[in-house]
């Protein structure tokens with residue numbers, strides 16, 4: 001059974017800025033997980049309008065991102081409803097809600113969108129993940145996998 005079919009996982013952030021790369025690390029782990037084979041996994045610097053088609057083609061989209069202002073390594077899960085907060089600003093960077101709204105407007109549908117946030121310590125250029133965030137990557141991977149398996 002292909003449990004990842006219809007699932008989009010997007011890890012986003014800047015891989016050259018310390019903990020901001022956490023989405024990329026989680027996406028790599030998810031891409032190698034045979035339990036959810038078939039999931040479409042992407043890594044990007046930011047949410048762009050071009051992702052609207054991917055969102056429209058999926059039934060579930062899980063967006064993994066660094067979150068400032070939360071304890072390093074803390075994990076949050078937020079279900080996002082489409083909302084075109086800044087309709088005229090759909091140019092280069094979108095919020096998850098605006099991306100879902102764009103997918104619905106352009107393609108007529110959008111996946112259920114879930115944002116998995118990870119509290120971060122530092123976004124200093126050239127640094128790798130902090131210990132707390134690196135230790136959280138396997139837990140975040142399991143949260144993403146559990147979200148997919150719960151929808152199977």
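The values are calculated or read from the model by the stated rules, or taken from the named source; none is laboratory data. Owing to the predicted nature of the structure, the values given are computational and were not obtained by experimental measurement. For neighbour counting, all protein chains shown are included, and Cβ atoms are generated from backbone atoms with ideal geometry for every residue, glycine included.
Summary table
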item	result
Residues of the range 71-96 classified as at pLDDT below 95 and either assigned to a loop (DSSP other than H, G, I, E, B) or surrounded by 13 or more Cβ atoms within 10 Å (Cβ to Cβ) (or both), total	14
Yes/no for residue 19 being more than 16 Å from residue 137 (Cα to Cα) and either touching a residue at least 12 places away in the same chain (Cβ under 8 Å) or over 15 Å from the mean Cα position of the chain (by Cα) (or both)	no
Number of positions in the range 30-55 that are crowded, with 20+ Cβ neighbours inside 10 Å and out of contact with any strand residue (DSSP E or B) (no Cβ under 8 Å at 6 or more places or on another chain)	1
